[in-house]
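Student: Could you have a look at this structure, given as structure tokens, before my questions?
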Amino acid sequence: FTNYTFNTNIYSETSGHFRDTLMTLAQGTREEGYADPALAAQDAMVLWEACQQKTGEHKNMLQMILCNKSYQQLWMIFQEFQNISGQDIVDAINECYDGYFQELLVAIVLCVRDKPSFFAYRLYNAIHECGFHNKTIIRILIARSEIDLMNIRQQYKQRYGKSLFHDIKHFASGHYETALLAICAGDAEDY
């Protein structure tokens with residue numbers, strides 16, 4: 001896929017604020033390393049209003065903040081949001097929005113907070129909640145194998161009490177199991 005084809009597919013296969021948010025993420029315009037406490041307080045107020053008002057303009061502001069601000073800035077914004085609203089940003093998003101747009105916003109927040117935990121959660125759901133959703137499992141294992149798969153494995157075991165290696169061995173079989181376990185690189189004591 002070229003970037004043009006990828007963006008064209010997003011545009012043609014999705015709609016509304018969900019599409020707009022995906023397109024913004026695909027552009028890769030996130031700021032790097034910048035954090036301003038005063039601006040964090042302002043942005044937190046905008047997020048709070050977006051969760052209260054739910055108008056198209058507010059959804060656009062929510063999308064722009066979550067897709068463009070640096071991770072450091074978002075950490076500060078989420079803390080300020082908690083201070084202003086008395087509520088965690090994920091809980092507020094879950095209460096105010098629904099559907100794919102809501103799921104995407106929550107995924108962005110969770111990835112900002114802790115990517116290994118987010119991917120451990122996605123793997124667990126793909127294995128246990130979705131009836132071993134092969135595409136999700138393969139996509140995550142391969143995409144993260146040289147980035148942070150070891151951290152994901154640690155989070156998985158810590159959060160769910162069994163190793164990722166164990167769950168793959170328990171739910172997969174044959175050559176497919178062998179391939180997934182090789183990518184997962186689990187140790188015998190993980191079983």
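Student: For the range 1-128, what is one quarter of the convex hull surface built on the Cα atoms, given in nm²? Display every interim value, and only then the final one.
Tutor: On the way: hull surface 34.4 nm².
Seen from a random direction, the Cα hull of the range 1-128 projects 8.6 nm² on average.
Student: How many Å² of accessible area per residue for the range 74-191, probe 1.4 Å?
Tutor: Numbers: 6390 Å² over 118 residues.
That works out to 54 Å² per residue.
Student: Which of F165, Q87, A107 sits closest to the plus end of the dipole of the range 67-165, meaning its Cα is farthest towards the positive end, when Lys and Arg get +1 and Asp and Glu get -1 on the C-beta?
Tutor: In the range 67-165, that residue is F165.
Student: Moving on to the next point. On the first, second and third principal axes, largest extent first, how far apart are the outermost C-alpha atoms of the range 1-70 in Å?
Tutor: Taking the Cα atoms of the range 1-70, the three principal extents are 40, 30, 10 Å.
Student: Per 10 Å bin from zero, what fraction in whole % of the C-alpha pairs of the range 46-191 is there, up to the bin with the longest pair?
Tutor: Reading the bins upward from 0: 11, 36, 25, 20, 7, 0.
Student: Between the DSSP loop rule and a limit of at most 13 other Cβ atoms within 10 Å, which GluC sites (Glu not before Pro) in the range 71-171 are left?
Tutor: E146
Student: Can you give the FRET efficiency to the nearest 0.05 for S15 and S173, using r as the Cβ-Cβ distance and R₀ = 35 Å? If you can, show how the numbers build up before the last one.
Tutor: Working: r = 39 Å, r/R0 = 1.11.
Working from the Cβ atoms, E equals 0.35.
Student: On average over all directions, what projected area in square nanometres does the range 117-191 have, based on the convex hull of its Cα atoms?
Tutor: Value for the range 117-191: 4.3 nm².
Student: Is there a quick way to get the dipole size of the chain? I mean about its Cα centre, with the Cβ of Lys and Arg at +1 and of Asp and Glu at -1; what is the value in debye to the nearest 20? Show your work: numbers first, answer last.
Tutor: Values: 16 positive and 23 negative charges, 92 e Å.
Dipole magnitude for the chain comes out near 440 debye.
Student: Could you tell me the calculated FRET efficiency between T29 and N94, based on Cβ-Cβ distance and R0 = 25 angstrom, to the nearest 0.05?
Tutor: Taking R0 as 25 Å, the efficiency between T29 and N94 is 0.45.
The values are calculated or read from the model by the stated rules, or taken from the named source; none is laboratory data. Fair warning: this is a prediction, and the values are worked out from it, not measured in the lab. Every residue, glycine among them, receives a Cβ derived from its backbone with ideal geometry; neighbour counts consider all protein chains shown. Protein only, heavy atoms only, side chains kept; ligands, DNA and RNA dropped before computing areas. Shrake-Rupley method; radii C 1.70, N 1.55, O 1.52, S 1.80 Å.
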